[in-house]
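Here, each number is a calculation from the coordinates, and none is a lab measurement. Note that this is a predicted model, so its numbers are computed, not measured. For neighbour counting, all protein chains shown are included, and Cβ atoms are generated from backbone atoms with ideal geometry for every residue, glycine included.
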Amino acid sequence: MDQDKKITVLFIIKPERSAGAEMVLVEAAARLSPDRFRVICGLLTPDAEKVIPAHLPCVDFRMPGLNGWVWLRFILQLCWVIYRCRVDLLHVNSYVPGNYARLAGTLMQVPIIIDHWHGFTRFSRKRRFICRVLGRFTDLSLAVSRGVRDYLVAQGGLDPAKVRVVVNGVDVAAIDAARPGKVVRRELGLPEGLPVIGLVGRLDHWGKGHKELFEAMAPLMERHPVQALIVGGGRRIDEVRQLAASLGLAGAVHFLGERHDVPDLLNAMDIFVLPSYSEGLSLALLEAMAAGKPVIATAVGGTPEVVTEGDNGLLIPPRDAGALAGALERLLADPALAQHLGANARTHVREHFSLDRLGREINEIYIELAEKKFGGRG
């Protein structure tokens, strides 16, 4: 197919390896059919090209910050890129950058505009008004779970006919290539013979449930001595570290900071926990399940759409350290149950949440929208 007959797709993303929501679009971009689409990645963060596949061209908007007059410059730059590259399809991520990008796309009359929702942003009256206005010019909104979709319709005022669920995908090949858990444990200096609990999540706020995990661990230590791996960086890491120490867990909790070897670290864990207050659909949870780990997660957002109580994991209420302690004790006292849950989790996620499946769905959606707009072109 001639280059000028391909559909030109521009992604607007601020990718970081630690930002799962942003990396979903990177993975989707890498899996678009080169015969049908010409892909460009518009980057909002410095050095972001390091995490973009080498075969994808990038446009660096060189934004020193994501606030104030910077957004006006971004809109003007984006309008120029849309004009120069003759963009046919604009796919945006994140609430604030996505709104400005959709505004630019609307001004430049981009034929197809898609926005992608990964969680539960708070809708004030102003935000709801903005979303409803921009929604009129948005061809399709993608939600990572039914929970997110229903929330967008109810709270954001989006047209339900223009919101579609496309669940996240995980890199099964990277998980299979991970190093053995025993090797990773030795490198981390973990004591032999003790179960290891893991939690992967940013430490920018308390919403990932670190407080509940530590409060659940403290009363268990006499009956079931354990170690915990806390993976993720963020501005509250010192506060979280102090909380663990105040509960007498300083020697049992290991703060690893931001890591790029999460599949290796998953192999070092015996149980994965995600006691979040809110989740769209956690990539860390999906990765842990794909690695065959028994999981304990809060029944919030899209999590119950993946974790079935007693079949491939355990579900608990949010903000309930007692329930988390009970679930941990249940798995620690019954290794056969833990193994059963982990095996079922591995099978379920690999069948329904692979990156290849994500790539196929995005390709099909683009082709469907392109055929409506352009007929036979592309």
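A simple packing score, the average count of other Cβ atoms within 10 Å per residue, orders the peptides 89-100, 338-349 as 89-100, 338-349, with the highest score first. The alpha carbon gyration tensor of the stretch 172-352 gives principal lengths a ≥ b ≥ c with a/c below 1.5, which makes the shape rounded. So if the hydrodynamic radius of the stretch 273-328 is defined as the Kirkwood radius over C-alpha pairs, what does Stokes-Einstein give as its diffusion coefficient at 37 °C and 0.692 mPa s, in µm² per second? Approximately 299 µm²/s, per Stokes-Einstein. For the chain, the relative contact order works out to 16 percent when only alpha carbon pairs closer than 8 Å and six or more residues apart are counted. Quick one: which residues, 5+ away or cross-chain, put their amide H under 5 Å from the amide H of Cys58? H built at 1.01 Å from N. For Cys58, whose amide H was placed from the backbone, the distant partners under 5 Å are Cys41.
Among the lysines of the chain, pairs that are 8 or more positions apart or on different chains and have alpha carbons within less than 24 Å of each other number 12.
So, by mean Cβ neighbours within 10 angstrom, what's the order for 74-86, 284-296 with the highest one leading? Working shown, then result.
Details: 74-86: 15.7, 284-296: 26.2.
Put in order of decreasing packing, that is 284-296, 74-86.
FRET efficiency for the pair Arg132 and Tyr277, taken as 1/(1 + (r/R0)^6) with r the Cβ-Cβ distance and R0 = 41 Å, rounds to 0.95. Ranked by how many other Cβ atoms sit within 10 Å of their own Cβ, fewest first, the residues Lys162, Lys50, Lys14, Lys182 fall in the order Lys50, Lys182, Lys162, Lys14. Based on every Cα atom in the chain, Rg and the maximum pairwise Cα distance Dmax equal 21.7, 69 Å.
Can you give the Rg to Rh ratio of the stretch 129-250, both from alpha-carbon atoms, with Rh computed by the Kirkwood formula?
Values: Rg = 20.7 Å, Rh = 18.3 Å.
Taking Rg over the Kirkwood Rh, I get 1.13.
Rounded to the nearest 500, the 222 nm mean residue ellipticity of the chain from helices alone is -13000 deg cm²/dmol, with -39,500 (n - 2.57) taken per DSSP H run of at least 4 residues. Label-to-label distance for Met108 and Ala54 is 2.8 nm, based on points extended 7 Å past Cα in the beta-carbon direction. For the stretch 218-254, the residues whose backbone nitrogen is under 11 Å from a point 7 Å from the Cα of Leu188, taken along Cα to Cβ, are 227-232, 253-254.
Highest mean first, the peptides 257-265, 226-234 sorted by other C-beta atoms within 10 Å per residue fall in the order 226-234, 257-265. The mean sequence distance of close C-alpha pairs (under 8 Å, at least 6 residues apart), as a share of the length of the stretch 172-352, puts its relative contact order at 24 percent. Available extension along the chain between His254 and Ala299 is 13.6 nm, counting 0.36 nm per residue and deducting the alpha carbon span.
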